[in-house]
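Single-structure report; data block below.
Just so it is clear, none of the values below were taken in a lab; they were calculated from the coordinates. All of these numbers come straight from a predicted model, not from anything done at the bench. No Cβ is skipped: glycine too gets one built from the backbone with ideal geometry, and neighbour counts run over all protein chains shown.
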Amino acid sequence: MVASSRSYADFTPEATFDIKKVDLHRLEEGPPLTATLTREEGLKYYRTMQTIRRMELKADQLYKQKIIRGFCHLYDGQEACAVGIEGGITLSDHLITAYRAHGYTLTRGGTVREIMAELTGRRGGIAKGKGGSMHMYTKNFYGGNGIVGAQVPLGAGVALACKYLGNDQLCVSLYGDGAANQGQIFETYNMSSLWKLPIIFICENNQYGMGTSVERSSASTEYYKRGDYIPGLRVDGMDVLCVREATKFAADHCRSGKGPILMELQTYRYHGHSMSDPGVSYRTREEIQEVRSKSDPISMLKDRMLSNNMASIDELKEIDIAVRKEIEDAAQFATTDPEPPLDDLCSHIFANDQPFEVRGATPWTKLTSTS
C-alpha cells in the first residue's frame, strides 16, 4: 500500500462520474451514463495502467538495445481497455487475445517480473522463456496468439466449455480492427449465436491495422454492428470507467443466457504496430500528440481523482516512483536470469515422461520430456 502524508479521512471515499454514451446495435437499453468509482478502485486502476505504460516503455528500451529480440507489439495508449475489461469480469472468467498481450498478461494475474523475463527469453519468464512477446499465459488466460484472428474461434471453444459445464463463467475474445475482416470471425459469430454461447467479442479498434487506417481497409468501420444478428456496443476505449461499465453490461447479457454480444472499443496505440514500425509513416506525430494531450487514459483517471479529492498529487507521485522501481527491478532480473537450457526443449509437450527422438545436428538425438 502507498501511504500519503494526508490522512485517509481527508479524501473522498467514492465519487460518481458522467461517462460517454455508448452507441447501441440491436439493443433497447445500454450501459449507464454514470459510473461510481471508489478511492480504492481508482488507486488500483491508476497503478495498473501506469505499470503497463512503464513496462511497455522499458520493453521499447530493451528492444532497441537488442536485449529483447523478435516480434514485439506494445500496448501503451490502450491501457484503459485491459484494465476496464478486468474491472467488469472476474478472474474466474476467461480471456483470449491476439499478440498485443503484455497488458492482459498483467491484468490476468501475471507479474511484471515474469512478463519482462519472458520478453528476454529467460527461465523465470511466464512461459519459461519459450513464448516470448506473443505467447504468454496465466490461469484462465489463453494468450497471446500470433495468427491474425485465430484466437476468436478458440475463444468460442472456451465459451462452449463454460456453457457445457454450466459454471456461469464467460469468455472474452479480443481481436483488432486489422483482424475484423477475417472470415473465421464471422463463422464464429454464427456458431456462437446459434448455440447462444456466453462470449463477449471485443474489437480493440486502435484506428490502424499495421500501417493501414480503418477507412482504407474496411467498407464499414462500424465494427460493433459487424455481428449483424448479435447485439453490439461502441465504447470509448480511452476511458477506463466507460470500458468497465460496458463490460459489466455485456457480462450480464451473457450470464443471463442471451448468447454472445459484441463490443467495439475505440482506442489508440502510441507506438507503431510492432517494434519494426516507427509508426509515423502513415500518421503524423501531431496526431499522436493530440491523442496524448486530449484522451490519454491515465491522465483522464488522474484528473478525475485529483479534481474530486480522491487522491493527492504526492500520493500519485509515490505510486509512480514505486512502479518505476518495480519495472527497473524486473528489467534487472530479466537481463540476469539464465536462459532455459537445451534440456528443457522438450518439456511441457507430453503430460508424462515419454521420451521421443528429434532429428537435429546429431542425427536422432535422444531427448526426454520432463513435464
In debye, nearest 20: dipole of the chain around its Cα centre with unit charges on the Cβ of K, R (+) and D, E (-)? 580 debye
With P(r) over Cα pairs in 10 Å bins from 0, in percent as the read-out, I listed (i) 5, 25, 35, 25, 9, 1, 0; (ii) 5, 21, 29, 20, 7, 3, 3, 3, 3, 2, 2, 1, 0, 0, 0; (iii) 5, 23, 31, 25, 12, 3, 1, 0; which label goes with the value calculated from this structure? (iii)
Dividing the helical contributions, -39500 (n - 2.57) per DSSP H run of n ≥ 4, by the residues of the chain yields a 222 nm value, nearest 500 deg cm²/dmol, of -12500 deg cm²/dmol
To the nearest 20 Debye, how big is the dipole of the range 162-313 about its Cα centre, given +1 on the beta carbon of each Lys and Arg and -1 on that of each Asp and Glu? 300 debye
Can you compute 3J(HN,Hα) from phi for each residue in the range 215-227, using the Karplus curve 6.51 cos²θ - 1.76 cosθ + 1.60 with θ = phi - 60°, rounded to whole Hz and x for Gly and Pro? 5, 8, 10, 10, 5, 10, 9, 8, 5, 6, 9, 5, x
When you count, for each residue, the other Cβ atoms within 10 Å and take the mean per peptide, how do 84-95, 177-188 rank with the highest first? 84-95, 177-188
Going by a ≥ b ≥ c, the root eigenvalues of the Cα gyration tensor, does the range 178-303 fall in the rounded group (a/c under 1.5), the prolate group (a/b larger than b/c) or the oblate group? oblate
Where the centre of each part is set by its Cα atoms, how far does the range 29-98 sit from the range 281-347, in angstrom? 9 Å
Percent antiparallel among DSSP beta bridges confined to the chain, nearest 5, equals 40 percent
Taking the Cβ-Cβ separation of Ser281 and Ala150 as r and a Förster radius of 35 Å, what is the calculated FRET efficiency to the nearest 0.05? 0.80
Answer with one residue from Ala180, Ala322, Ser274: the one whose Cα lies farthest towards the positive end of the charge dipole of the chain, charges on Cβ with Lys, Arg +1 and Asp, Glu -1. Ser274
Dipole magnitude of the range 41-168 about its Cα centre (Cβ charges: Lys, Arg +1; Asp, Glu -1), debye to nearest 20: 620 debye
Within straight-line cross-link reach of Lys294, lysines at Cα separation under 16 Å, skipping those fewer than 8 residues along the same chain: Lys20, Lys302
Dipole of the range 100-212 [Lys/Arg +1, Asp/Glu -1 at C-beta], most positive-end residue of Gly211, Ile199, Gly132: Gly132
Filtered hits (lysines, Cα-Cα < 23 Å from Lys66, offset >= 8 within chain) -> Lys58, Lys128, Lys130, Lys325
Please find the FRET efficiency linking Leu27 to Ser217, where r is the Cβ-Cβ separation and R0 is fixed at 25 Å, and quote it to the nearest 0.05. 0.40
Flagged as over-length at 29 Å C-alpha distance, from Lys44/Lys139; Lys64/Lys225; Lys21/Lys196, the pairs are Lys64/Lys225
Residues whose built amide H sits under 5 Å from the amide H of Gly143, excluding neighbours closer than 5 in sequence, are Thr97, Thr138
Over the alpha carbons of the range 85-156, what is the largest minus smallest coordinate on each principal axis, giving the biggest first in Å? 31, 26, 15
Ordered by residue, what ³J(HN,Hα) values in Hz, to whole numbers, does the range 288-298 give under the Karplus form 6.51 cos²θ - 1.76 cosθ + 1.60, where θ = phi - 60° and Gly and Pro are x? 4, 5, 5, 5, 4, 7, 9, 9, 4, x, 6
